[in-house]
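A.B. asks: Take a look at the following structure, please.
The values are calculated or read from the model by the stated rules, or taken from the named source; none is laboratory data. Model, not experiment: these values are computed from the prediction. Positions of Cβ are generated from backbone atoms using ideal geometry, with glycine treated the same way; all protein chains shown enter the neighbour counts. Please note that ligands, DNA and RNA were not included when accessible areas were found on the heavy atoms of the full protein model with its side chains. Shrake-Rupley method; radii C 1.70, N 1.55, O 1.52, S 1.80 Å.
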Amino acid sequence: MNEEIRPSPLPEGETPVIEMHGIVKTFYQNTPNELEILHGIDLTIREGEFVSIVGASGSGKSTLMNIIGALDHQTAGEYILDGVPMTEMSSNKLSQIRNEKIGFVFQTFNLIPRSTALGNVELPMMYAGVSKGDRSRRAMELLELVGMKDRARHRPNELSGGQKQRVAIARAMANDPSIILADEPTGALDSNTGRMVMDIFHRLHREQGKTIVLITHNNDLAEETERILTIKDGRIVGERLGKGAAS
């Protein structure tokens, strides 16, 4: 039987940006097919930390990410984001939080096919009510940050996998979120392109102080982060420092 690892206490004075206490996620609740995926997870991530959650396929890591990202609700337990309990939020407020506080980067890029790279990066700002001129300027700045300014007018089908992911990272940064959630961001890329993408995450963490949560099955990538949480069968079963903690 696995004994869940309790989160390490934060140093005095440090603020947790993500707090989870006893998080349970059950699908098909109150049916014969009821399935509990997460079994009482406790998790604390401080502001500005680069953390990885590593586990095999089916371990529950993507389910956990969806709850961290306010894309789904826990069945039981408490989730506090920036000091605010998420269970008290309306659907509209959760949508606002996702758009303003959290930037998402997915393995499958999730770009809009008919829109250019520039248009894809502008989209979150359009939902946030940013003026056309301001969002175009910021989108170009972000594309330059990830080395994609010269591809601003290209559509996704004209871009390589690595270029699509760099656009996705720029889009995640559109509204200057405090948290970036990256779910297997290098999973569809070759090793050289994946290295480029990870270097961008390190720069965002180092130069802009972003809190980054990396969901991965790749232990080598996890080792680059400051702290590594291992999830297995819906429980956090290990916690250790990564090489990023010493850099």
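A.B. asks: Taking θ = phi - 60°, what integer Hz values does the Karplus form 6.51 cos²θ - 1.76 cosθ + 1.60 yield along the stretch 192-202, in sequence order, with x for Gly and Pro?
C.D. replies: 5, 5, x, 4, 5, 5, 5, 4, 5, 4, 4
A.B. asks: Choose one of I180, A139, H217: the residue whose Cα lies farthest towards the positive end of the charge dipole of the chain (beta-carbon charges +1 Lys, Arg; -1 Asp, Glu; about the Cα centre).
C.D. replies: Of I180, A139, H217, it is A139.
A.B. asks: Give the carbon-plus-sulfur fraction of the accessible surface of the stretch 41-82 in %, rounded to a whole number; probe 1.4 Å, heavy atoms of protein chains only.
C.D. replies: The computed percentage sits at 41.
A.B. asks: A follow-up question, please. Which residues' amide hydrogens lie under 5 Å from the amide hydrogen of I212, considering only partners 5 or more residues apart or on another chain, with H built in the peptide plane?
C.D. replies: Counting only residues 5 or more places away or on other chains, the set is E49, F50, V51, I180.
A.B. asks: Among A117, F50, L94, whose Cα projects farthest towards the positive end of the dipole of the chain, with charges put on the beta-carbon of Lys, Arg (+1) and Asp, Glu (-1)?
C.D. replies: So the residue we want is A117.
A.B. asks: Could you pull out every residue, at least 5 positions away or on a different chain, whose amide H is within less than 5 Å of the one on G77? Hs are placed 1.01 Å off N in the peptide plane, and Pro or chain starts have none.
C.D. replies: Residues meeting the amide H criterion: V24.
A.B. asks: Rounded to the nearest 20 Debye, what is the dipole magnitude of the stretch 165-216 about its Cα centre when Lys and Arg each give +1 and Asp and Glu each give -1 at the C-beta?
C.D. replies: That gives the stretch 165-216 a dipole magnitude of about 140 debye.
A.B. asks: Please turn the phi angles of the stretch 102-110 into ³J(HN,Hα) values with the Karplus equation 6.51 cos²θ - 1.76 cosθ + 1.60 (θ = phi - 60°), one per residue in order, whole Hz, x for glycine and proline.
C.D. replies: With coefficients 6.51, -1.76 and 1.60, one gets 10, x, 9, 10, 10, 4, 8, 6, 6 Hz.
A.B. asks: How far is the Cα center of the stretch 37-90 from the Cα center of the stretch 111-169, in Å?
C.D. replies: The distance from the Cα centre of the stretch 37-90 to that of the stretch 111-169 comes to 28 Å.
A.B. asks: Here's something else I'd like to know. Using a 1.4 Å probe over the heavy atoms of the protein chains, calculate the carbon and sulfur portion of the accessible area of the stretch 90-237 as a whole percent.
C.D. replies: Of the solvent-accessible surface of the stretch 90-237, carbon and sulfur hold 45 percent.
A.B. asks: Here's a follow-up. DSSP loop trypsin sites (Lys or Arg not before Pro) in the stretch 107-180 with at most 12 other Cβ atoms within 10 Å of their Cβ, which ones?
C.D. replies: In loop regions of the stretch 107-180 (DSSP not H, G, I, E or B), the sparsely surrounded trypsin sites (Lys or Arg not before Pro) are R114, R153.
A.B. asks: Please compute the per residue accessible area over the chain with all protein chains in place, 1.4 Å probe, rounded to a whole number of Å².
C.D. replies: I get 49 Å² per residue for the chain.
A.B. asks: Please give the charge dipole size of the chain, origin at the Cα centre, charges +1 on K and R Cβ atoms and -1 on D and E Cβ atoms. Round to the nearest 20 debye.
C.D. replies: 1080 debye
A.B. asks: How high is the relative contact order of the chain, in percent, with contacts defined as C-alpha pairs under 8 Å that are six or more residues apart?
C.D. replies: 27 percent
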